[in-house]
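J.: Let me begin by handing over the structure; questions about it come next.
The values are calculated or read from the model by the stated rules, or taken from the named source; none is laboratory data. Since we're looking at a predicted model, the values are computed, not measured. Note: ideal-geometry Cβ built from the backbone for every residue, glycine included; neighbour counts use all protein chains shown. Ligands, DNA and RNA are excluded from the accessible area calculation, which covers all protein heavy atoms including side chains. Shrake-Rupley method; radii C 1.70, N 1.55, O 1.52, S 1.80 Å.
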Number of protein chains: 2
Amino acid sequence: MRQAEELRDAVDAYLRSLMFASELGQLEKALRYSLESGGKRIRPVLCLAVVEAAGGDVEHALPAASALELVHTFSLVHDDLPALDDDPERRGRPSSHVVFGEGAALLAGDAFLAEAVRLGLRYDDPRIARELVEATLGMIGGQYRDITGDDDLTELHRLKTGRLFVASVGLGLRVAGVAERDQARWRAFGSEFGLLFQIVDDILDGDGLAGRLPSEDVMRLADSSAARARKQLEGLDANTSVLRALVDAVTFRTA
Amino acid sequence: MRQAEELRDAVDAYLRSLMFASELGQLEKALRYSLESGGKRIRPVLCLAVVEAAGGDVEHALPAASALELVHTFSLVHDDLPALDDDPERRGRPSSHVVFGEGAALLAGDAFLAEAVRLGLRYDDPRIARELVEATLGMIGGQYRDITGDDDLTELHRLKTGRLFVASVGLGLRVAGVAERDQARWRAFGSEFGLLFQIVDDILDGDGLAGRLPSEDVMRLADSSAARARKQLEGLDANTSVLRALVDAVTFRTA
(Lines give C-alpha, C1' and ligand atoms only; values in the text may rest on other atoms or scores of the structure.)
Protein backbone atom coordinates (compact mmCIF):
# COMPACT_ATOMS: atom_id res chain seq x y z
CA MET A 1 0.00 0.00 0.00
CA ARG A 2 1.45 3.32 -1.05
CA GLN A 3 1.74 6.08 1.52
CA ALA A 4 0.44 9.61 0.96
CA GLU A 5 3.90 10.87 -0.02
CA GLU A 6 4.23 8.25 -2.77
CA LEU A 7 0.75 9.04 -4.07
CA ARG A 8 1.66 12.69 -4.19
CA ASP A 9 4.82 11.89 -6.15
CA ALA A 10 2.73 9.89 -8.62
CA VAL A 11 0.37 12.87 -9.07
CA ASP A 12 3.25 15.29 -9.52
CA ALA A 13 4.87 13.07 -12.13
CA TYR A 14 1.58 12.67 -13.97
CA LEU A 15 0.90 16.43 -13.94
CA ARG A 16 4.41 17.17 -15.22
CA SER A 17 3.93 14.76 -18.14
CA LEU A 18 0.43 16.00 -18.96
CA MET A 19 -0.01 17.15 -22.56
CA PHE A 20 -2.24 20.20 -22.91
CA ALA A 21 -4.16 20.89 -26.11
CA SER A 22 -1.57 22.03 -28.67
CA GLU A 23 -3.95 24.77 -29.86
CA LEU A 24 -3.42 26.62 -26.57
CA GLY A 25 -0.03 27.63 -27.96
CA GLN A 26 2.04 29.84 -25.67
CA LEU A 27 -0.79 30.00 -23.13
CA GLU A 28 0.57 26.65 -21.97
CA LYS A 29 3.34 28.53 -20.15
CA ALA A 30 0.76 30.15 -17.88
CA LEU A 31 -0.81 26.76 -17.15
CA ARG A 32 2.53 25.15 -16.31
CA TYR A 33 3.45 28.08 -14.08
CA SER A 34 0.34 27.71 -11.93
CA LEU A 35 0.33 23.94 -11.93
CA GLU A 36 3.95 23.56 -10.91
CA SER A 37 3.90 25.94 -8.00
CA GLY A 38 4.21 23.29 -5.31
CA GLY A 39 0.68 22.76 -4.08
CA LYS A 40 -0.03 20.02 -1.56
CA ARG A 41 -2.10 18.03 -4.10
CA ILE A 42 -4.41 17.11 -1.23
CA ARG A 43 -7.46 16.50 -3.47
CA PRO A 44 -5.77 14.09 -5.91
CA VAL A 45 -3.95 12.33 -3.06
CA LEU A 46 -7.26 11.89 -1.25
CA CYS A 47 -8.76 10.49 -4.47
CA LEU A 48 -5.90 8.02 -4.99
CA ALA A 49 -5.93 6.94 -1.34
CA VAL A 50 -9.64 6.14 -1.70
CA VAL A 51 -8.92 4.16 -4.89
CA GLU A 52 -6.24 2.14 -3.13
CA ALA A 53 -8.34 1.55 0.01
CA ALA A 54 -11.25 0.44 -2.18
CA GLY A 55 -9.03 -2.02 -4.05
CA GLY A 56 -8.80 -0.07 -7.31
CA ASP A 57 -5.89 0.63 -9.64
CA VAL A 58 -4.01 3.81 -8.73
CA GLU A 59 -2.47 4.21 -12.21
CA HIS A 60 -5.89 4.02 -13.83
CA ALA A 61 -7.10 6.73 -11.44
CA LEU A 62 -4.39 9.30 -12.23
CA PRO A 63 -6.40 11.20 -14.90
CA ALA A 64 -9.39 11.57 -12.55
CA ALA A 65 -7.19 12.56 -9.60
CA SER A 66 -5.35 15.10 -11.73
CA ALA A 67 -8.61 16.50 -13.08
CA LEU A 68 -9.49 17.46 -9.48
CA GLU A 69 -6.20 19.35 -9.14
CA LEU A 70 -6.87 21.17 -12.42
CA VAL A 71 -10.32 22.27 -11.24
CA HIS A 72 -8.75 23.47 -7.98
CA THR A 73 -6.05 25.36 -9.90
CA PHE A 74 -8.66 26.90 -12.22
CA SER A 75 -10.44 28.27 -9.15
CA LEU A 76 -7.21 29.68 -7.66
CA VAL A 77 -6.16 31.44 -10.87
CA HIS A 78 -9.58 33.08 -11.27
CA ASP A 79 -9.88 33.85 -7.53
CA ASP A 80 -6.59 35.74 -7.58
CA LEU A 81 -7.73 38.04 -10.40
CA PRO A 82 -8.44 41.70 -9.55
CA ALA A 83 -12.12 41.04 -10.37
CA LEU A 84 -12.28 38.69 -7.36
CA ASP A 85 -9.71 38.60 -4.53
CA ASP A 86 -7.08 40.73 -6.30
CA ASP A 87 -4.27 38.70 -4.76
CA PRO A 88 -0.82 39.46 -6.20
CA GLU A 89 0.76 36.36 -4.59
CA ARG A 90 0.00 32.67 -4.50
CA ARG A 91 2.15 30.18 -2.60
CA GLY A 92 4.90 32.76 -2.19
CA ARG A 93 5.17 33.54 -5.90
CA PRO A 94 3.55 36.25 -8.03
CA SER A 95 0.03 35.27 -9.12
CA SER A 96 -0.61 34.22 -12.70
CA HIS A 97 -2.10 37.59 -13.72
CA VAL A 98 0.92 39.44 -12.29
CA VAL A 99 3.27 37.36 -14.42
CA PHE A 100 1.23 36.87 -17.60
CA GLY A 101 -1.32 39.70 -17.48
CA GLU A 102 -4.99 39.64 -16.56
CA GLY A 103 -6.26 38.52 -19.95
CA ALA A 104 -3.90 35.56 -20.15
CA ALA A 105 -4.68 34.52 -16.55
CA LEU A 106 -8.40 34.65 -17.27
CA LEU A 107 -7.93 32.44 -20.33
CA ALA A 108 -5.53 30.15 -18.44
CA GLY A 109 -8.22 29.57 -15.81
CA ASP A 110 -10.74 28.79 -18.54
CA ALA A 111 -8.28 26.38 -20.13
CA PHE A 112 -7.68 24.64 -16.77
CA LEU A 113 -11.39 23.98 -16.43
CA ALA A 114 -11.69 22.64 -19.99
CA GLU A 115 -8.55 20.48 -19.59
CA ALA A 116 -9.89 19.12 -16.30
CA VAL A 117 -13.05 17.97 -18.03
CA ARG A 118 -11.02 16.50 -20.87
CA LEU A 119 -9.14 14.38 -18.32
CA GLY A 120 -12.41 13.30 -16.71
CA LEU A 121 -13.61 12.29 -20.17
CA ARG A 122 -10.76 9.85 -20.69
CA TYR A 123 -13.00 7.29 -18.99
CA ASP A 124 -15.83 5.61 -20.84
CA ASP A 125 -18.11 6.08 -17.82
CA PRO A 126 -19.60 9.59 -18.25
CA ARG A 127 -20.53 9.68 -14.54
CA ILE A 128 -16.91 10.54 -13.72
CA ALA A 129 -16.91 13.76 -15.75
CA ARG A 130 -20.48 14.46 -14.61
CA GLU A 131 -19.55 14.34 -10.93
CA LEU A 132 -16.54 16.55 -11.65
CA VAL A 133 -18.56 19.31 -13.38
CA GLU A 134 -21.38 19.15 -10.85
CA ALA A 135 -18.87 19.65 -8.02
CA THR A 136 -17.33 22.49 -10.02
CA LEU A 137 -20.72 24.19 -10.33
CA GLY A 138 -21.21 23.84 -6.57
CA MET A 139 -17.78 25.38 -6.02
CA ILE A 140 -18.60 28.30 -8.33
CA GLY A 141 -21.83 28.82 -6.39
CA GLY A 142 -19.75 28.93 -3.21
CA GLN A 143 -17.40 31.50 -4.70
CA TYR A 144 -20.38 33.62 -5.68
CA ARG A 145 -21.74 33.45 -2.12
CA ASP A 146 -18.30 34.47 -0.91
CA ILE A 147 -18.17 37.67 -2.99
CA THR A 148 -21.75 38.60 -2.17
CA GLY A 149 -21.02 38.36 1.56
CA ASP A 150 -23.34 35.46 2.30
CA ASP A 151 -23.55 35.07 6.06
CA ASP A 152 -24.04 31.32 6.14
CA LEU A 153 -20.44 30.11 6.57
CA THR A 154 -21.43 26.46 6.83
CA GLU A 155 -23.16 26.48 3.44
CA LEU A 156 -20.37 28.57 1.93
CA HIS A 157 -17.75 26.07 3.09
CA ARG A 158 -19.83 23.11 1.99
CA LEU A 159 -19.91 24.52 -1.53
CA LYS A 160 -16.61 26.35 -1.96
CA THR A 161 -14.34 23.65 -0.53
CA GLY A 162 -16.58 20.75 0.44
CA ARG A 163 -17.98 19.88 -2.98
CA LEU A 164 -14.56 19.23 -4.50
CA PHE A 165 -13.46 17.13 -1.52
CA VAL A 166 -16.56 14.96 -1.75
CA ALA A 167 -15.92 14.66 -5.49
CA SER A 168 -12.32 13.61 -4.74
CA VAL A 169 -13.73 10.68 -2.78
CA GLY A 170 -16.54 10.16 -5.30
CA LEU A 171 -14.25 9.98 -8.34
CA GLY A 172 -12.01 7.54 -6.47
CA LEU A 173 -15.01 5.31 -5.76
CA ARG A 174 -16.19 5.44 -9.37
CA VAL A 175 -12.77 4.63 -10.81
CA ALA A 176 -12.43 1.77 -8.30
CA GLY A 177 -15.84 0.49 -9.33
CA VAL A 178 -17.49 0.74 -5.90
CA ALA A 179 -21.26 0.29 -6.33
CA GLU A 180 -23.48 3.33 -5.68
CA ARG A 181 -25.21 1.58 -2.77
CA ASP A 182 -21.87 1.14 -0.98
CA GLN A 183 -20.69 4.72 -1.40
CA ALA A 184 -22.59 6.57 1.35
CA ARG A 185 -20.12 6.15 4.21
CA TRP A 186 -17.12 6.92 2.00
CA ARG A 187 -18.82 10.10 0.84
CA ALA A 188 -19.75 11.06 4.40
CA PHE A 189 -16.05 10.75 5.18
CA GLY A 190 -15.23 13.02 2.22
CA SER A 191 -17.69 15.62 3.43
CA GLU A 192 -16.21 15.54 6.94
CA PHE A 193 -12.67 15.67 5.57
CA GLY A 194 -13.55 18.77 3.55
CA LEU A 195 -15.03 20.44 6.62
CA LEU A 196 -11.95 19.59 8.68
CA PHE A 197 -9.67 20.96 5.95
CA GLN A 198 -11.62 24.20 5.85
CA ILE A 199 -11.67 24.68 9.63
CA VAL A 200 -7.90 24.14 9.78
CA ASP A 201 -7.46 26.53 6.85
CA ASP A 202 -9.49 29.16 8.71
CA ILE A 203 -7.33 28.66 11.80
CA LEU A 204 -4.11 29.04 9.80
CA ASP A 205 -5.40 32.10 7.93
CA GLY A 206 -7.15 33.63 10.96
CA ASP A 207 -10.33 34.21 8.97
CA GLY A 208 -13.68 32.50 8.32
CA LEU A 209 -14.69 30.62 11.46
CA ALA A 210 -11.50 31.76 13.19
CA GLY A 211 -12.58 35.36 12.72
CA ARG A 212 -15.92 34.74 14.39
CA LEU A 213 -15.25 32.36 17.28
CA PRO A 214 -12.69 32.22 20.11
CA SER A 215 -9.73 30.08 19.06
CA GLU A 216 -10.42 27.36 21.66
CA ASP A 217 -13.86 26.91 20.12
CA VAL A 218 -12.49 26.62 16.60
CA MET A 219 -9.87 24.11 17.76
CA ARG A 220 -12.65 22.13 19.39
CA LEU A 221 -14.60 22.16 16.12
CA ALA A 222 -11.53 20.86 14.29
CA ASP A 223 -11.04 18.10 16.85
CA SER A 224 -14.64 16.94 16.70
CA SER A 225 -14.62 17.05 12.90
CA ALA A 226 -11.43 14.94 12.83
CA ALA A 227 -13.00 12.50 15.29
CA ARG A 228 -16.08 12.12 13.09
CA ALA A 229 -13.89 11.61 10.00
CA ARG A 230 -11.95 8.86 11.79
CA LYS A 231 -15.18 7.25 12.93
CA GLN A 232 -16.47 7.09 9.35
CA LEU A 233 -13.23 5.36 8.35
CA GLU A 234 -13.57 2.82 11.15
CA GLY A 235 -16.98 1.87 9.81
CA LEU A 236 -15.54 0.93 6.41
CA ASP A 237 -14.55 -2.63 5.59
CA ALA A 238 -11.25 -1.58 3.98
CA ASN A 239 -7.65 -0.78 4.80
CA THR A 240 -8.03 2.93 5.46
CA SER A 241 -4.63 3.52 7.08
CA VAL A 242 -3.52 6.06 4.45
CA LEU A 243 -6.81 7.95 4.67
CA ARG A 244 -6.43 8.03 8.45
CA ALA A 245 -2.90 9.39 8.03
CA LEU A 246 -4.34 12.15 5.80
CA VAL A 247 -6.81 13.12 8.54
CA ASP A 248 -3.92 13.23 11.02
CA ALA A 249 -1.78 15.29 8.64
CA VAL A 250 -4.52 17.88 8.14
CA THR A 251 -5.23 18.04 11.87
CA PHE A 252 -1.57 18.38 12.80
CA ARG A 253 -1.21 21.45 10.57
CA THR A 254 -2.75 23.36 13.49
CA ALA A 255 -0.42 21.89 16.12
CA MET B 1 -38.43 19.35 -42.52
CA ARG B 2 -38.17 22.27 -40.12
CA GLN B 3 -36.86 25.58 -41.41
CA ALA B 4 -34.08 27.51 -39.67
CA GLU B 5 -36.59 29.79 -37.95
CA GLU B 6 -38.41 26.84 -36.39
CA LEU B 7 -35.14 25.29 -35.26
CA ARG B 8 -34.19 28.58 -33.66
CA ASP B 9 -37.52 28.72 -31.83
CA ALA B 10 -36.90 25.19 -30.54
CA VAL B 11 -33.48 26.23 -29.24
CA ASP B 12 -34.87 29.36 -27.61
CA ALA B 13 -37.61 27.39 -25.88
CA TYR B 14 -35.12 24.80 -24.68
CA LEU B 15 -32.74 27.45 -23.35
CA ARG B 16 -35.55 29.22 -21.51
CA SER B 17 -36.59 25.98 -19.81
CA LEU B 18 -33.03 24.97 -18.95
CA MET B 19 -32.47 24.27 -15.25
CA PHE B 20 -29.11 25.50 -14.00
CA ALA B 21 -27.43 23.89 -10.99
CA SER B 22 -29.39 25.06 -7.94
CA GLU B 23 -26.13 25.62 -6.05
CA LEU B 24 -25.37 28.59 -8.30
CA GLY B 25 -27.99 30.49 -6.29
CA GLN B 26 -28.50 34.09 -7.35
CA LEU B 27 -25.70 33.85 -9.91
CA GLU B 28 -28.37 32.29 -12.11
CA LYS B 29 -29.70 35.80 -12.78
CA ALA B 30 -26.45 36.73 -14.51
CA LEU B 31 -26.62 33.56 -16.63
CA ARG B 32 -30.23 34.20 -17.68
CA TYR B 33 -29.39 37.81 -18.51
CA SER B 34 -26.63 36.86 -20.95
CA LEU B 35 -28.43 33.87 -22.39
CA GLU B 36 -31.68 35.69 -23.10
CA SER B 37 -30.19 38.67 -24.85
CA GLY B 38 -31.44 37.74 -28.30
CA GLY B 39 -28.48 36.11 -30.00
CA LYS B 40 -28.93 34.56 -33.43
CA ARG B 41 -28.35 31.02 -32.09
CA ILE B 42 -26.48 30.30 -35.29
CA ARG B 43 -24.34 27.50 -33.79
CA PRO B 44 -27.22 25.46 -32.30
CA VAL B 45 -29.36 26.03 -35.41
CA LEU B 46 -26.50 24.78 -37.57
CA CYS B 47 -26.19 21.73 -35.30
CA LEU B 48 -29.91 20.95 -35.48
CA ALA B 49 -30.03 21.48 -39.24
CA VAL B 50 -27.23 18.93 -39.59
CA VAL B 51 -29.12 16.51 -37.35
CA GLU B 52 -32.24 16.84 -39.46
CA ALA B 53 -30.38 16.58 -42.76
CA ALA B 54 -28.60 13.48 -41.50
CA GLY B 55 -31.89 11.87 -40.50
CA GLY B 56 -31.48 12.28 -36.72
CA ASP B 57 -33.93 13.34 -34.01
CA VAL B 58 -33.95 17.10 -33.44
CA GLU B 59 -35.47 16.83 -29.94
CA HIS B 60 -32.73 14.43 -28.88
CA ALA B 61 -30.14 16.90 -30.16
CA LEU B 62 -31.36 19.93 -28.19
CA PRO B 63 -28.97 19.46 -25.21
CA ALA B 64 -25.94 19.20 -27.53
CA ALA B 65 -27.09 22.16 -29.65
CA SER B 66 -27.70 24.25 -26.53
CA ALA B 67 -24.32 23.27 -25.09
CA LEU B 68 -22.73 24.98 -28.11
CA GLU B 69 -24.67 28.17 -27.38
CA LEU B 70 -23.54 28.05 -23.74
CA VAL B 71 -19.88 27.72 -24.75
CA HIS B 72 -20.35 30.66 -27.12
CA THR B 73 -22.00 32.72 -24.36
CA PHE B 74 -19.21 31.80 -21.92
CA SER B 75 -16.69 33.20 -24.40
CA LEU B 76 -18.69 36.43 -24.90
CA VAL B 77 -19.08 37.10 -21.16
CA HIS B 78 -15.36 36.60 -20.52
CA ASP B 79 -14.34 38.48 -23.69
CA ASP B 80 -16.30 41.55 -22.58
CA LEU B 81 -14.50 41.74 -19.23
CA PRO B 82 -12.05 44.61 -18.68
CA ALA B 83 -9.24 42.02 -18.56
CA LEU B 84 -9.91 41.22 -22.25
CA ASP B 85 -11.91 43.48 -24.62
CA ASP B 86 -13.36 45.75 -21.91
CA ASP B 87 -16.62 46.07 -23.80
CA PRO B 88 -19.43 47.78 -21.85
CA GLU B 89 -22.10 46.70 -24.34
CA ARG B 90 -23.22 43.44 -25.92
CA ARG B 91 -26.09 43.24 -28.38
CA GLY B 92 -27.21 46.76 -27.49
CA ARG B 93 -27.47 46.08 -23.76
CA PRO B 94 -24.95 46.64 -20.93
CA SER B 95 -22.47 43.75 -20.68
CA SER B 96 -22.76 41.25 -17.85
CA HIS B 97 -19.97 42.81 -15.79
CA VAL B 98 -21.55 46.26 -16.07
CA VAL B 99 -24.83 44.94 -14.67
CA PHE B 100 -23.61 42.35 -12.16
CA GLY B 101 -20.02 43.41 -11.43
CA GLU B 102 -16.75 41.96 -12.68
CA GLY B 103 -16.53 39.18 -10.13
CA ALA B 104 -20.02 37.88 -10.84
CA ALA B 105 -19.48 38.07 -14.62
CA LEU B 106 -16.24 36.12 -14.29
CA LEU B 107 -18.02 33.43 -12.28
CA ALA B 108 -21.01 33.48 -14.64
CA GLY B 109 -18.68 32.74 -17.55
CA ASP B 110 -17.13 29.88 -15.60
CA ALA B 111 -20.60 28.54 -14.82
CA PHE B 112 -21.61 28.73 -18.50
CA LEU B 113 -18.66 26.57 -19.44
CA ALA B 114 -19.41 24.00 -16.72
CA GLU B 115 -23.13 23.96 -17.59
CA ALA B 116 -22.29 23.49 -21.26
CA VAL B 117 -20.25 20.41 -20.44
CA ARG B 118 -23.01 19.13 -18.18
CA LEU B 119 -25.41 19.33 -21.14
CA GLY B 120 -22.92 17.52 -23.35
CA LEU B 121 -22.71 14.82 -20.69
CA ARG B 122 -26.42 14.08 -20.86
CA TYR B 123 -25.50 11.64 -23.61
CA ASP B 124 -24.03 8.24 -22.85
CA ASP B 125 -21.51 8.67 -25.67
CA PRO B 126 -18.58 10.55 -24.08
CA ARG B 127 -17.35 11.61 -27.55
CA ILE B 128 -20.01 14.34 -27.63
CA ALA B 129 -18.67 16.11 -24.52
CA ARG B 130 -15.11 15.39 -25.67
CA GLU B 131 -15.60 17.14 -29.00
CA LEU B 132 -17.24 20.06 -27.19
CA VAL B 133 -14.33 20.61 -24.77
CA GLU B 134 -11.70 20.09 -27.44
CA ALA B 135 -13.35 22.77 -29.58
CA THR B 136 -13.53 25.00 -26.50
CA LEU B 137 -9.80 24.59 -25.93
CA GLY B 138 -9.16 25.51 -29.56
CA MET B 139 -11.35 28.59 -29.13
CA ILE B 140 -9.47 29.62 -25.97
CA GLY B 141 -6.22 29.21 -27.88
CA GLY B 142 -7.65 31.52 -30.55
CA GLN B 143 -8.62 34.11 -27.95
CA TYR B 144 -5.10 33.97 -26.56
CA ARG B 145 -3.63 34.56 -30.03
CA ASP B 146 -6.02 37.48 -30.40
CA ILE B 147 -4.81 39.26 -27.25
CA THR B 148 -1.16 38.60 -28.01
CA GLY B 149 -1.53 40.18 -31.45
CA ASP B 150 -0.82 37.06 -33.48
CA ASP B 151 -0.44 38.08 -37.10
CA ASP B 152 -1.79 34.91 -38.66
CA LEU B 153 -5.46 35.85 -39.16
CA THR B 154 -6.33 32.58 -40.88
CA GLU B 155 -5.15 30.49 -37.94
CA LEU B 156 -6.75 32.90 -35.47
CA HIS B 157 -10.13 32.61 -37.23
CA ARG B 158 -9.83 28.85 -37.54
CA LEU B 159 -9.44 28.61 -33.79
CA LYS B 160 -11.49 31.46 -32.36
CA THR B 161 -14.62 30.95 -34.47
CA GLY B 162 -13.95 27.96 -36.71
CA ARG B 163 -13.49 25.32 -34.03
CA LEU B 164 -16.95 25.86 -32.53
CA PHE B 165 -18.62 25.86 -35.97
CA VAL B 166 -16.97 22.58 -36.89
CA ALA B 167 -18.06 21.20 -33.51
CA SER B 168 -21.61 22.40 -34.23
CA VAL B 169 -21.60 20.16 -37.29
CA GLY B 170 -19.66 17.43 -35.46
CA LEU B 171 -22.04 17.22 -32.50
CA GLY B 172 -24.97 17.07 -34.91
CA LEU B 173 -23.36 14.16 -36.73
CA ARG B 174 -22.63 12.32 -33.49
CA VAL B 175 -26.14 12.76 -32.13
CA ALA B 176 -27.56 11.62 -35.47
CA GLY B 177 -25.29 8.58 -35.38
CA VAL B 178 -23.38 9.29 -38.59
CA ALA B 179 -20.36 6.96 -38.77
CA GLU B 180 -16.91 8.56 -38.43
CA ARG B 181 -15.93 7.44 -41.94
CA ASP B 182 -18.87 9.37 -43.41
CA GLN B 183 -18.24 12.63 -41.55
CA ALA B 184 -15.42 14.23 -43.56
CA ARG B 185 -17.50 16.17 -46.10
CA TRP B 186 -19.95 17.37 -43.47
CA ARG B 187 -17.07 18.63 -41.38
CA ALA B 188 -15.43 20.30 -44.37
CA PHE B 189 -18.74 22.13 -44.83
CA GLY B 190 -18.67 23.18 -41.15
CA SER B 191 -15.15 24.52 -41.52
CA GLU B 192 -16.12 26.50 -44.62
CA PHE B 193 -19.28 27.78 -42.95
CA GLY B 194 -17.24 29.04 -40.00
CA LEU B 195 -14.83 30.81 -42.33
CA LEU B 196 -17.71 32.41 -44.24
CA PHE B 197 -19.33 33.55 -40.98
CA GLN B 198 -16.07 35.13 -39.84
CA ILE B 199 -15.42 36.93 -43.13
CA VAL B 200 -18.94 38.36 -43.08
CA ASP B 201 -18.48 39.34 -39.44
CA ASP B 202 -15.26 41.15 -40.35
CA ILE B 203 -17.06 42.98 -43.15
CA LEU B 204 -19.89 44.05 -40.83
CA ASP B 205 -17.48 45.13 -38.07
CA GLY B 206 -14.92 46.65 -40.45
CA ASP B 207 -12.07 44.82 -38.73
CA GLY B 208 -10.04 41.64 -39.15
CA LEU B 209 -9.74 40.86 -42.86
CA ALA B 210 -11.81 43.96 -43.68
CA GLY B 211 -9.18 46.10 -41.98
CA ARG B 212 -6.39 44.65 -44.10
CA LEU B 213 -7.82 44.19 -47.59
CA PRO B 214 -9.85 46.37 -50.00
CA SER B 215 -13.56 45.72 -49.53
CA GLU B 216 -13.99 44.21 -53.02
CA ASP B 217 -11.35 41.64 -52.14
CA VAL B 218 -13.06 40.73 -48.87
CA MET B 219 -16.43 40.43 -50.61
CA ARG B 220 -14.80 38.16 -53.17
CA LEU B 221 -13.40 36.01 -50.35
CA ALA B 222 -16.90 35.75 -48.86
CA ASP B 223 -18.38 34.76 -52.22
CA SER B 224 -15.81 32.09 -52.89
CA SER B 225 -16.16 30.73 -49.36
CA ALA B 226 -19.97 30.56 -49.76
CA ALA B 227 -19.50 28.81 -53.13
CA ARG B 228 -17.22 26.21 -51.55
CA ALA B 229 -19.69 25.67 -48.69
CA ARG B 230 -22.53 25.10 -51.20
CA LYS B 231 -20.34 22.72 -53.18
CA GLN B 232 -19.69 20.62 -50.09
CA LEU B 233 -23.43 20.41 -49.49
CA GLU B 234 -24.06 19.32 -53.07
CA GLY B 235 -21.69 16.43 -52.54
CA LEU B 236 -23.75 15.08 -49.64
CA ASP B 237 -26.38 12.43 -50.14
CA ALA B 238 -28.93 14.21 -47.93
CA ASN B 239 -31.62 16.89 -48.01
CA THR B 240 -29.44 19.89 -47.22
CA SER B 241 -31.95 22.61 -48.15
CA VAL B 242 -31.97 24.15 -44.65
CA LEU B 243 -28.18 24.14 -44.48
CA ARG B 244 -28.08 25.83 -47.87
CA ALA B 245 -30.54 28.44 -46.60
CA LEU B 246 -28.20 29.07 -43.66
CA VAL B 247 -25.30 29.70 -46.05
CA ASP B 248 -27.51 32.12 -47.99
CA ALA B 249 -28.63 33.87 -44.81
CA VAL B 250 -25.07 34.41 -43.62
CA THR B 251 -23.97 35.60 -47.06
CA PHE B 252 -26.90 37.99 -47.41
CA ARG B 253 -25.99 39.72 -44.15
CA THR B 254 -23.44 41.63 -46.25
CA ALA B 255 -25.92 42.53 -48.96
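J.: How large is ³J(HN,Hα), in whole Hz, for each residue of segment A:38-51 in order, when computed from phi with the Karplus curve 6.51 cos²θ - 1.76 cosθ + 1.60 and θ = phi - 60°, using x for Gly and Pro?
T.: Taking θ as phi minus 60°, the curve returns x, x, 7, 6, 5, 5, x, 5, 4, 4, 5, 5, 5, 4 Hz for segment A:38-51.
J.: Taking one equal scatterer on every alpha-carbon of segment A:1-98, how large is log10 of I(q)/I(0) by Debye at q = 0.18 1/Å?
T.: For the requested q values the scattering log ratios are -0.86.
J.: A follow-up question, please. Please pull out the direction-averaged projected area of the protein assembly as shown, using the convex hull of its alpha-carbon atoms, in nm² to one decimal place.
T.: 23.3
J.: Still on this model: Can you report the principal axis dimensions of segment B:105-184 using only the alpha carbons, biggest first, rounded to whole angstrom?
T.: 40, 33, 13
J.: Could I ask something else about it? Quick one: which bits of segment A:140-168 get at least 50 Å² less accessible when the partner protein chains are in, versus the chain alone, with a 1.4 Å probe?
T.: Output list: A:I140, A:Y144.
J.: Measuring from a point 7 Å out along Cα→Cβ, what nm distances, shortest first, does B:A245 have to its partners in the other copies?
T.: 6.6
J.: Right, something else. List the distances, in nm to one decimal, from the label point of A:R91 to the label points of the same position in every other copy, shortest first, placing each label point 7 Å from Cα along the Cα-to-Cβ direction.
T.: Copy-to-copy label distances for A:R91: 3.9 nm.
J.: Now for a separate question. Give the accessible surface of segment B:4-252 per residue, rounded to a whole number of Å², with probe radius 1.4 Å and ligands, DNA and RNA excluded.
T.: Accessible area per residue, segment B:4-252: 38 Å².
J.: What does the copy distance list look like for B:S37, label position 7 Å along Cα→Cβ, in nm and ordered from shortest?
T.: 2.9
J.: So which trypsin sites (Lys or Arg not before Pro) in segment A:74-181 end up in coil per DSSP with only 12 or fewer other C-beta atoms within 10 Å?
T.: Passing sites in segment A:74-181 are A:R91.
J.: Given segment A:82-148, report the % of alpha carbon pairs whose separation exceeds 17 Å.
T.: Percentage above 17 Å: 56.
J.: Okay, moving on. Taking +1 at the Cβ of each Lys and Arg and -1 at the Cβ of each Asp and Glu, which of B:A179, B:M219, B:V133 sits farthest along the dipole of segment B:115-255 towards its positive end, judged by Cα position relative to the Cα centre?
T.: B:A179
J.: Run the quick spin-label model on B:D207 and A:K231: label points 7 Å from Cα toward the beta carbon, then report their separation in nm to one decimal.
T.: Once both label points are built, they end up 6.0 nm from each other.
J.: Additional query: For the B and A pair, go ahead and give the buried accessible area with a 1.4 Å probe, both sides summed, in Å² to 100.
T.: 3600
J.: Give a quick list of trypsin sites (Lys or Arg not before Pro) in segment B:205-242 that DSSP marks as loop, anything other than H, G, I, E or B, with at most 16 other Cβ atoms within 10 Å.
T.: Passing sites in segment B:205-242 are B:R212.
J.: Let me ask something else. Calculate the FRET efficiency for B:R91 and B:R2 from the Cβ-Cβ distance with a Förster distance of 30 Å, rounded to the nearest 0.05.
T.: 0.75
J.: Here is a further query. Please list, short to long, the whole-number percent of alpha-carbon pairs of segment A:109-156 in consecutive 5 angstrom bins beginning at zero.
T.: In whole percents, the pair-distance histogram is 5, 20, 21, 19, 13, 12, 7, 2, 0.
J.: Please report the Cα spread of segment A:135-255 along all three principal axes, rounded to whole Å, starting with the longest.
T.: Dimensions of segment A:135-255 along the principal axes of its Cα atoms: 40, 33, 17 Å.
J.: Also, quick follow-up: Using 7 Å Cα-to-Cβ label points, what is the A:R220/B:R187 separation (nm, one decimal)?
T.: 6.4
J.: Taking amide H atoms as placed 1.01 Å from N in the peptide plane, list the residues 5 or more away in sequence, or in a different chain, whose amide H sits under 5 Å from that of A:R90.
T.: For A:R90, whose amide H was placed from the backbone, the distant partners under 5 Å are A:S95.
J.: Taking beta carbons within 10 Å but only from partner chains, what does the mean come to for residues B:29-41?
T.: Partner Cβ neighbours, averaged per residue: 0.
J.: Once the Cα atoms of segment A:4-252 are picked out, what are the Rg and Dmax in Å?
T.: Calculated on Cα positions, Rg and Dmax stand at 17.5, 52 Å.
J.: Also, quick follow-up: Step through the residues of segment B:202-208 one at a time and calculate ³J(HN,Hα) from phi using the Karplus curve (6.51 cos²θ - 1.76 cosθ + 1.60, θ = phi - 60°), rounding each to whole Hz and writing x for Gly and Pro.
T.: 4, 5, 5, 8, x, 10, x
J.: What list of ³J(HN,Hα) couplings, whole Hz, do you get for segment A:116-131 from phi and the Karplus terms 6.51, -1.76, 1.60, once you set θ to phi - 60° and write x for glycine and proline?
T.: 4, 5, 4, 5, x, 8, 6, 8, 6, 7, x, 5, 5, 5, 4, 5
J.: For a 26 Å ceiling on Cα separation, which of these pairs sit above it: A:K160/B:K40; A:K29/B:K29; A:K40/B:K160; A:K160/B:K29?
T.: From the list (A:K160/B:K40; A:K29/B:K29; A:K40/B:K160; A:K160/B:K29), the Cα-Cα distance tops 26 Å for A:K160/B:K40; A:K29/B:K29; A:K40/B:K160.
J.: Now a separate question. Calculate I(q)/I(0) for segment B:40-83 by the Debye formula, one identical point scatterer on each C-alpha and no solvent, and give its log10 at q = 0.22, 0.24, 0.27, 0.31 Å⁻¹ to two decimals.
T.: These q points yield log10 I(q)/I(0) values of -0.68, -0.76, -0.87, -1.02.
J.: Then there is this: Using only the alpha-carbon atoms, what does segment A:67-213 span along each of its principal axes? Please give whole angstrom values in decreasing order.
T.: Cα spread of segment A:67-213 along its principal axes, largest to smallest: 44, 39, 26 Å.
J.: Still on this structure, I have one more. Pop the C-beta distance of A:N239 and A:S17 into the FRET formula with R0 = 25 Å and round what comes out to the nearest 0.05.
T.: 0.30
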